[in-house]
């Protein structure tokens, strides 16, 4: 593969193919089935962890060319595209922070993030919502690539999740819980309210990594 294209060109091609997959509403599972590989392989290609072989790259292109185009307006297409990226590269979490003025000395904040080695992708999220900031993460190993992280918190995170929710597949359950969590942030900070926030936080964490924490 690298004898035909430079890494830069392959990365650009993969970025465009991922964009087209999102616009057409093709899932990673469906794409993997047509190519004859695992969903994990497709995910690693789109993340830039490994490059597909020449044959698989051609099958990838051919599959998306033949895929039926998603109908609807441009806004729907863009949300579908963004949701596709978010399912693969996004994260939803409830962060614990010190808060001296709180009865318990801590508070919980909703955080939404997108991480990718292609800066254009995370910049697109920032451009669409006109919010958040992008952090550059330098790899610890030379074999790894530089990653870029776009983050938003609190009400802004809620504004991101609400329009994406109908198009999410992998992270849909976490998004529903996150939006429920944010409603409790609008109420008085009673003991029962605080316990509910902690309960939702644990549910999201369980979905993300498979175990509870306190």
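The values are calculated or read from the model by the stated rules, or taken from the named source; none is laboratory data. Because the structure is predicted, anything quoted here is derived from the model rather than measured. Don't worry about glycine lacking a Cβ; one is built from the backbone with ideal geometry, like all the others, and counts go over all protein chains shown.
Pick out the one residue from 8, 69, 39 that is over 24 Å from residue 146 (Cβ atoms) and at pLDDT below 80.
69
Only one residue in 131, 157 is within 17 Å of residue 93 (Cβ to Cβ) and either free of Cβ contacts under 8 Å to residues at least 24 places away in the same chain or surrounded by 12 or more Cβ atoms within 10 Å (Cβ to Cβ) (or both), so which one is that? So that I can check it myself, show each step before the final result.
Numbers: 131 fails: within 17 Å of residue 93 (Cβ to Cβ).
After applying the criteria, what remains is 157.
Yes or no: residue 181 farther than 30 Å from residue 51 by Cα, touching a residue at least 60 places away in the same chain (Cβ under 8 Å) and surrounded by 15 or more Cβ atoms within 10 Å (Cβ to Cβ)?
Yes, satisfied.
Determine which member of the set 176, 152, 128 is out of contact with any strand residue (DSSP E or B) (no Cβ under 9 Å at 6 or more places or on another chain), under 19 Å from residue 108 (Cβ atoms) and either modelled with pLDDT of 90 or more or outside the structural domain of residue 50 (by TED's automatic domain parsing) (or both).
Sole residue among the options that is out of contact with any strand residue (DSSP E or B) (no Cβ under 9 Å at 6 or more places or on another chain), under 19 Å from residue 108 (Cβ atoms) and either modelled with pLDDT of 90 or more or outside the structural domain of residue 50 (by TED's automatic domain parsing) (or both): 176.
Determine whether the range 93-106 contains at least one residue that is modelled with pLDDT of 90 or more, out of contact with any helix residue (DSSP H, G or I) (no Cβ under 7 Å at 6 or more places or on another chain), surrounded by 19 or more Cβ atoms within 10 Å (Cβ to Cβ) and not in a loop (DSSP other than H, G, I, E, B).
Within the range 93-106 (the criterion being modelled with pLDDT of 90 or more, out of contact with any helix residue (DSSP H, G or I) (no Cβ under 7 Å at 6 or more places or on another chain), surrounded by 19 or more Cβ atoms within 10 Å (Cβ to Cβ) and not in a loop (DSSP other than H, G, I, E, B)), the answer is no, since none of the residues qualifies.
Looking at (1) out of contact with any helix residue (DSSP H, G or I) (no Cβ under 7 Å at 6 or more places or on another chain); (2) free of Cβ contacts under 8 Å to residues at least 24 places away in the same chain; (3) more than 18 Å from residue 82 (Cβ to Cβ); (4) assigned to a helix (DSSP H, G or I), find the lone condition where residue 29 falls short.
It is condition (1) that residue 29 fails.
Here are the criteria: (1) surrounded by fewer than 14 Cβ atoms within 10 Å (Cβ to Cβ); (2) under 20 Å from residue 124 (Cα atoms). Tell me which single one residue 171 does not satisfy.
Condition not satisfied by residue 171: (1).
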